[in-house]
Amino acid sequence: MSYFNSVGQIIPPEKKKFNLGIYDGIGGVNFSPIPAADIQVLNTTLRLAPGNDYWAVGVYQEIMPLSKIFYNWRWIVSAGYGSRKEEGLFYGGGATVISKGNSLILLTGLKTYFGSRFYSQFQLGYMNTHFKTENFPDKRENGVYFEFGLGVNIFKNFKKKAE
């Protein structure tokens with residue numbers, strides 16, 4: 001009788017240290033259909049989200065992969081700040097009124113890399129918005145918030161796997 005003994009070792013591929021990407025989705029710092037620009041350095045992503053009467057910036061930090069096998073699934077936390085301006089007629093007609101809102105967003109969730117250049121995020125968390133409107137009292141809103149979207153990187157997400 002003969003026995004065969006095999007030993008395996010999982011060596012996940014190394015993530016690229018720098019990447020540029022385009023990201024679009026709902027929630028998070030993406031409030032408009034205009035895609036955001038992602039600048040990724042090591043495990044930190046800076047997201048710049050322009051808009052017509054809106055802009056936002058967010059910092060996303062990859063904490064750790066879920067496991068060696070699921071190296072492409074990462075736990076992330078993020079913080080974002082957005083500002084928007086709205087013009088319109090309010091109760092009773094009259095002159096056009098300008099309303100400005102500033103939001104602070106704190107989220108945590110998962111980021112997954114798939115294919116060679118694509119990634120997706122789903123996060124839940126908290127958003128605080130402070131509204132200032134001419135001739136009206138300031139208003140604060142707090143609540144649960146989320147983000148879901150898809151992105152594509154210019155360079156591949158990971159280096160070649162070890163042979």
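A few notes on this one:
- Filter result (farther than 22 Å from V152 by Cβ, at pLDDT 80 or above and not charged (D, E, K, R)) within the stretch 67-97: S67, I69, V77, A79, Y81, G82, S83
- Odd one out for N135 among (1) more than 21 Å from T44 (Cβ to Cβ); (2) among the polar types (S, T, N, Q); (3) part of a strand (DSSP E or B): (3)
- Pick from the stretch 138-163, criterion open to solvent by less than 30 Å² (accessible area, probe 1.4 Å) and closer than 12 Å to Q40 by Cβ, ranking: modelled with the lowest pLDDT: N157
- Test: residue in the stretch 123-130 that is open to solvent by 70 Å² or more (accessible area, probe 1.4 Å), hydroxyl-bearing (S, T, Y) and within 30 Å of I63 (Cα to Cα): yes
- Checking each residue in the stretch 41-93 for being under 16 Å from the mean Cα position of the chain (by Cα), open to solvent by 60 Å² or more (accessible area, probe 1.4 Å), under 14 Å from L104 (Cα atoms) and of a type outside the set (F, W, Y) picks out only V59.
- Every residue from the stretch 127-163 that is under 30 Å from P12 (Cβ atoms) and either of a type in the set (D, E) or more than 21 Å from the chain's Cα centre (by Cα) (or both): E147, K159, K160, K161, A162, E163
- Check on S120, at pLDDT below 95 and open to solvent by 10 Å² or more (accessible area, probe 1.4 Å): no
- Looking across the stretch 26-40 at every residue that is at pLDDT 90 or above and in a strand (DSSP E or B), the one that is most open to solvent (accessible area, probe 1.4 Å) is identified as I39.
The values are calculated or read from the model by the stated rules, or taken from the named source; none is laboratory data. Everything quoted here is computed from the prediction, not taken from an experiment. For neighbour counting, all protein chains shown are included, and Cβ atoms are generated from backbone atoms with ideal geometry for every residue, glycine included. Accessible surface areas use protein heavy atoms only, side chains included; no ligands, DNA or RNA. Shrake-Rupley method; radii C 1.70, N 1.55, O 1.52, S 1.80 Å.
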